[in-house]
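Q: Before I ask anything, let me first share the structure, which is written out below as structure tokens.
The values are calculated or read from the model by the stated rules, or taken from the named source; none is laboratory data. Not measured: the values here are computed from a predicted model. In this analysis, Cβ positions are derived from the backbone assuming ideal geometry, glycine residues included, and neighbour counts consider all displayed protein chains.
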Amino acid sequence: VGFRLKFFDRTPIGRLVTRTISDVEALADVFSEGLAALAGDLLQIVFILIFMFYTDWRLALVSLSTIPLMLLSTYIFKEKIKVTFNDVRNAVANLNSFVQEHLTGISVVQIFGSEKREFEKFKEINKEHRSAHLKSVLYYSIYFPV
């Protein structure tokens, strides 16, 4: 890959591993589930629209008038969740980096007797992860209430 060695010196291993795993999982989801679901959903929408206009074209137009509101709410949700997912991803990367670095350097932590201080750091990083994740759950519960 085209990164300089300086990048690997600055970036913790936990962050690189988290990024690689989450990117691979996202691609797998798109190709395994996303494309088939998209094709099926588009076909379903076409058939529903045809049936709606066949049954009562005026009622179909009234029903379709809600689409701008749905598009606006979807756009707002997308913007909020994009930031939140980025926060969750960064929090997971920080957590993984912390754990990986401290597992390899546990003897140094023990030699200096700083277990409590390091545990407090871990709790803080974990708290950041929890709050970022709960924020994403909140947005999902507002957009998908049932």
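Q: Would you check if residue 93 is under 27 Å from the mean Cα position of the chain (by Cα), under 30 Å from residue 9 (Cα atoms), modelled with pLDDT under 95 and assigned to a helix (DSSP H, G or I)?
A: Yes, satisfied.
Q: With respect to residue 78, determine if the residue is within 19 Å of residue 15 (Cβ to Cβ) and either part of a helix (DSSP H, G or I) or touching a strand residue (DSSP E or B) at 6+ places or on another chain (Cβ under 9 Å) (or both).
A: No, not satisfied.
Q: Return the residue satisfying two criteria in turn: it lies in the range 87-115 and is of a type in the set (Val, Ile, Thr) and loosely packed, with under 12 Cβ neighbours inside 10 Å, and of such residues it is nearest to residue 24 (Cα to Cα).
A: 104
Q: Looking for something over 25 Å from residue 139 (Cα atoms), of a type in the set (D, E, K, R) and surrounded by 15 or more Cβ atoms within 10 Å (Cβ to Cβ) - is there at least one such residue anywhere in the range 76-86?
A: no
Q: Quick test for you: out of 49, 61, 38, 42, pick the one residue that is more than 30 Å from residue 101 (Cβ to Cβ), loosely packed, with under 11 Cβ neighbours inside 10 Å and not small (Gly, Ala, Ser).
A: None of the others qualify; the one that does is 42.
Q: Residues in the range 111-134: is at least one in contact with a Ser or Thr (Cβ under 8 Å, 6 or more places away or on another chain) and in a helix (DSSP H, G or I)?
A: Looking for residues that are in contact with a Ser or Thr (Cβ under 8 Å, 6 or more places away or on another chain) and in a helix (DSSP H, G or I), one finds at least one in the range 111-134, hence yes.
Q: Give me the pairs, please: first residue somewhere in the range 84-110 and closer than 26 Å to residue 135 by Cβ, second residue anywhere and loosely packed, with under 12 Cβ neighbours inside 10 Å, beta-carbon distance under 7 Å, and either six or more positions apart or on two chains.
A: Matching pairs, first to second residue: none at all.
Q: Name the residue that is nearest to residue 104 (Cα to Cα), counting only residues in the range 1-46 that are of a type in the set (A, V, I, L, M) and touching a residue at least 12 places away in the same chain (Cβ under 8 Å).
A: 13
Q: Here is a follow-up. Does the range 22-30 contain any residue that is in the same structural domain as residue 140 (by TED's automatic domain parsing) and either modelled with pLDDT under 80 or among the basic types (Lys, Arg) (or both)?
A: No, the conditions are met nowhere in the range 22-30.
Q: Taking the conditions exactly as written (modelled with pLDDT of 75 or more and closer than 22 Å to residue 88 by Cβ), does residue 17 satisfy them or not?
A: Here the answer is yes, as residue 17 does meet what is asked.
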